[in-house]
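Worksheet for the structure shown next.
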Amino acid sequence: MTVEIHATFPDGTGAREAELKLQALRAVRVTDGGDGSLTVTIGDDLIDRALHLIQQTGGMSDTP
């Protein structure tokens, strides 16, 4: 099963780095919103790692 995570990055800072790292984490899909936001589709087993990665790169997740 997969989960969709929405993340925002102030001023877009860190969004590209997060996108690359999430792809390396084997996210099913990473979509750049073009406004400093990302939408990530990821497997259930990687949710915690993905959320941690988003925070490490300066992002905030809209997913609890």
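With angles folded into 0 to 90 degrees, how steeply does helix 47-56 sit against the dominant principal axis of the chain? Use alpha carbons for both and round to 10.
The helix 47-56 is inclined about 20 degrees to the chain.
Ranking ASP44, ASP32 by Cβ neighbours within 10 Å, fewest first, what do you get? Let's see the in-between values first.
On the way: ASP44 9, ASP32 14.
Ascending number of Cβ neighbours within 10 Å: ASP44, ASP32.
Mind checking the dipole of region 2-61: about its Cα centre, +1 per Lys or Arg Cβ, -1 per Asp or Glu Cβ, Debye to the nearest 20?
Values: 5 positive and 9 negative charges, 32 e Å.
Rounded to the nearest 20 debye, it is 160 debye.
Kindly express, to the nearest 10 degrees and within the range 0 to 90, the angle between helix 15-24's C-alpha long axis and the longest C-alpha principal axis of the chain.
Long axis of 15-24 versus the principal axis of the chain: about 20 degrees.
So what is the relative contact order of the chain, in percent, for Cα pairs below 8 Å that sit 6 or more residues apart?
Rounded, it is 47 percent for the chain.
Within region 1-21, which residues have the backbone N less than 16 Å from the label spot 7 Å out from HIS52 along Cα→beta-carbon, could you tell me?
Only 21 fall inside the zone, counting backbone N under 16 Å.
What's the exposure ranking of LEU22, LEU51, going from fewest to most Cβ atoms within 10 Å?
On the way: LEU22 24, LEU51 18.
Going from least to most buried by this count: LEU51, LEU22.
None of the figures in this text is laboratory data; all of them are computed from the coordinates on show. Treat the numbers as computed from the prediction; the structure is a model and nothing was measured. Heads up, the Cβs are rebuilt from the backbone with ideal geometry, glycines too, and the neighbour counts pull from every protein chain shown.
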